[in-house]
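Have a look at the structure below, then the notes.
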Amino acid sequence: MTFRSVAVLLASLAGIALAHEHHHDGPADDSVPIDTILWMHIGVQFIAWMFMFPLAMMLGLTRHKFHVPVAIMALLMTSSGYILGHSHGGRSFPRTAHGSVANILIPLLGLQGGLGVYLKAHLKWKGENKVRPVVIFVHSLVAKLFVILGWVQMLLGIITLRSWCRGGATGQCLAHHIMGSAFIAYGIILLIMLKIGVDWLKRRSMSQEMLDSSVIFLWGCVNALTEHHGGPWTHKDLQHTLMGVLWVFGGAAGMWISRKGKRSVVPAVVIILTGWAMSGHAQKLMISTMIHALFGYTLMAAGIARIIEVCFLLEDRPTGHTEEVQDASTTRAPPAHPTEGPWFPIRAFQYLPIWLLFASGALFMSATDEELRWADNQGVDAITWGLIDFSIAFFLFFWANVLIDFYVSQGGMYGSRTKAAQSAGSGIALEGGAGSSHNSNSLYARLSLGDHHTGSSNSNEERTAIGSSGGSSDSLEMERIKNSKRIQQLREKNDKDSPNHVLFDGDEEEDEEDDPFDDDRIQARRARS
């Protein structure tokens with residue numbers, strides 16, 4: 001299927017939505033069964049948004065040749081799922097936020113597809129040098145936005161399926177799902193910073209706790225002002241508001257102590273106190289009280305584990321401090337190259353607080369009154385419900401690790417250049433010469449729309465000069481020495497650049513020629529450097 005066919009398919013979806021007759025006012029009738037087509041819609045959209053779009057984003061960030069086909073597959077899958085969702089029989093559903101977000105996603109999908117076609121086509125016109133960097137930025141931004149919107153849409157799909165969060169239950173539902181998602185997002189951020197963010201923090205003389213405390217402070221400001229909605233104060237209103245006040249002052253204290261890159265335990269203490277408060281949060285149902293207590297204990301364990309990590313495991317040092325004395329009994333040397341394994345030494349214990357945050361988020365999202373009332377009616381006890389949540393947490397933890405480790409293994413956002421530079425080690429990628437064939441079949445390469453870069457002739461001349469058999473033996477020897485020195489310089493430059501963190505360097509080093517859809521420009525830039 002061509003790009004044009006994809007665009008036509010997306011354009012037709014709006015008409016399908018208008019023709020859909022399964023929306024009505026009021027809750028869904030749970031006595032009506034869910035038909036096979038609707039289950040297919042759920043399965044297809046889950047695969048597309050949980051797996052395909054995040055994977056496509058990582059492939060794009062690392063400039064992998066499979067980014068384009070995976071992105072097209074994700075687009076086709078979600079388009080098919082959209083059609084299935086408006087073609088099912090059986091149970092009908094009310095107008096919900098799930099449908100509203102879908103109507104937002106459709107034009108975004110069309111925009112993303114159009115931007116991809118533009119970048120792939122490499123149209124030659126007067127304003128391309130100014131427009132193309134903007135298009136690349138928007139294309140990358142929308143790809144990252146898809147991960148967040150996809151998560152929101154999956155949650156809204158479950159809520160719509162069960163007709164939860166309607167009427168007076170909306171506020172509690174929002175609080176649980178937003179806060180639970182925030183704990184999972186916190187775990188993902190810690191995982192990213194653990195594996196590939198240390199140099200970014202080091203260059204800015206910033207500690208992880210400064211970031212944590214800033215978010216806690218801002219979140220507390222919002223929470224302290226929004227928990228009471230008028231009328232007489234209840235114990236829950238007071239507890240939730242005071243929790244916001246705790247975050248405000250705790251975040252402020254953490255920011256003050258964490259200045260100039262200093263480590264701090266304040267964010268962990270705030271997490272512990274939040275877990276303690278939630279562990280004693282009395283509920284109407286016994287299963288609800290037990291799940292809230294389990295959530296509180298899990299969150300307290302995350303905070304305690306974080307304190308142990310910072311104070312006793314790392315001894316206030318940043319993760320992966322490469323200047324420390326290498327002692328086989330306490331540390332291990334960092335890998336020689338980022339593609340050979342983790343970029344920074346990571347201790348096994350450091351995964352524990354991160355997973356506990358994942359588990360806390362899953363538990364809190366599943367602890368609304370409606371969800372636990374439904375579980376209680378189905379005969380599900382607190383242990384079973386908790387095991388389901390822990391299983392979900394392990395799945396999300398596993399998938400986040402897979403995506404981040406894939407990013408690391410591909411060399412980060414300069415992945416295509418890293419692999420090309422590795423070829424230079426054997427002397428075949430000098431100045432974008434023969435070694436550039438590594439990327440010649442990349443789907444990022446420009447389409448054949450006419451004359452290409454003029455750099456190819458220069459590369460041929462260089463290869464001819466290097467491989468020429470003419471001339472005297474002395475001149476050949478001098479040429480060989482010059483080429484050897486040049487290759488050694490490239491190796492040293494690559495070795496010097498490789499350990500640098502590549503996830504966040506775009507704000508300092510990226511320019512309009514760092515185009516993930518144009519390998520010719522990348523090779524030309526390497527040649528000029």
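The values are calculated or read from the model by the stated rules, or taken from the named source; none is laboratory data. Nothing here was measured: the structure is a model prediction, and the numbers come from that model. FYI the Cβ positions are ideal-geometry reconstructions off the backbone, even for glycines, and counts take in every protein chain you see.
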Note to self: Is it the case, given these coordinates, that Leu75 is in contact (Cβ under 8 Å) with a residue 40 or more places away in the chain, crowded, with 22+ Cβ neighbours inside 10 Å and closer than 21 Å to Val152 by Cβ?
What the structure shows: yes
Notebook entry, point to check: If you scan region 231-258, which residues turn out to be in a loop (DSSP other than H, G, I, E, B) and of a type outside the set (S, T, N, Q)?
Noted result: Gly231, Pro232, Trp233
Notebook entry, point to check: Any residue at all in region 128-137 that is within 22 Å of the chain's Cα centre (by Cα), touching a residue at least 12 places away in the same chain (Cβ under 8 Å) and either on the phi > 0 side of the Ramachandran plot or not assigned by TED's automatic domain parsing to the domain that holds Met58 (or both)?
Noted result: no
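Of all residues being in a helix (DSSP H, G or I) and touching a Ser or Thr at 6+ places or on another chain (Cβ under 8 Å) in region 215-230, which is farthest from Gln172 (Cα to Cα)? Just the residue, please. Even if it seems obvious, please write down each step before you answer.
Our first condition is that a residue be in a helix (DSSP H, G or I); within region 215-230, this holds for 215-226.
The next check asks that each one be touching a Ser or Thr at 6+ places or on another chain (Cβ under 8 Å); those that pass are 223-224.
Working: Asn223: 13, Ala224: 16 Å.
Restricting to residues being in a helix (DSSP H, G or I) and touching a Ser or Thr at 6+ places or on another chain (Cβ under 8 Å), the top hit is Ala224.
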Next item on the list: Answer with yes or no whether Ile216 is on the phi < 0 side of the Ramachandran plot, surrounded by fewer than 21 Cβ atoms within 10 Å (Cβ to Cβ), out of contact with any Leu (no Cβ under 8 Å at 6 or more places or on another chain) and in the same structural domain as His292 (by TED's automatic domain parsing).
Entry: no
Next item on the list: Would you tally the residues in region 376-389 being within 27 Å of Trp49 (Cβ to Cβ) and either surrounded by 16 or more Cβ atoms within 10 Å (Cβ to Cβ) or in contact with a strand residue (DSSP E or B) (Cβ under 8 Å, 6 or more places away or on another chain) (or both)?
Entry: 3
Next item on the list: Could you tell me which numbered condition His22 fails, if it satisfies all but one of (1) at pLDDT below 90; (2) in contact with a Phe, Trp or Tyr (Cβ under 7 Å, 6 or more places away or on another chain); (3) buried (at least 19 other Cβ atoms within 10 Å of the Cβ)?
Entry: (3)
Next item on the list: Among what's in region 81-106 and is part of a loop (DSSP other than H, G, I, E, B) and of a type in the set (Ser, Thr, Tyr), pick the residue that is nearest to the chain's Cα centre (by Cα).
Entry: Thr96
Check: Among the residues of region 205-214, is there at least one that is assigned to a helix (DSSP H, G or I) and under 17 Å from Gly275 (Cβ atoms)?
Finding: yes
Check: Can you tell me which residues in region 159-168 are crowded, with 16+ Cβ neighbours inside 10 Å and either of a type in the set (A, V, I, L, M, F, W, C) or part of a helix (DSSP H, G or I) (or both)?
Finding: Ile159, Thr160, Leu161, Trp164, Cys165
Checklist line | Single match in Leu145, Leu194 (criterion: of a type outside the set (S, T, N, Q), surrounded by 20 or more Cβ atoms within 10 Å (Cβ to Cβ) and in a helix (DSSP H, G or I)) | finding: Leu194
Next item on the list: With the checklist (1) of a type outside the set (Lys, Arg); (2) in a helix (DSSP H, G or I); (3) at pLDDT below 95 in hand, flag the one item Asp29 doesn't pass.
Entry: (2)
Next item on the list: Would you check which residues across region 227-248 are exposed (fewer than 13 other Cβ atoms within 10 Å of the Cβ) and either basic (Lys, Arg) or at negative phi (or both) and list them?
Entry: His229, Pro232, Trp233, Thr234, His235, Leu238
Next item on the list: Starting from residues that are under 17 Å from Thr274 (Cβ atoms) and over 27 Å from the mean Cα position of the chain (by Cα), keep the ones in region 249-263 and report whichever is surrounded by the most Cβ atoms within 10 Å (Cβ to Cβ).
Entry: Gly250
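Regarding Ser213, is this residue under 30 Å from Asp35 (Cβ atoms) and polar (S, T, N, Q)?
No; evaluated as a whole, the condition is false for this residue.
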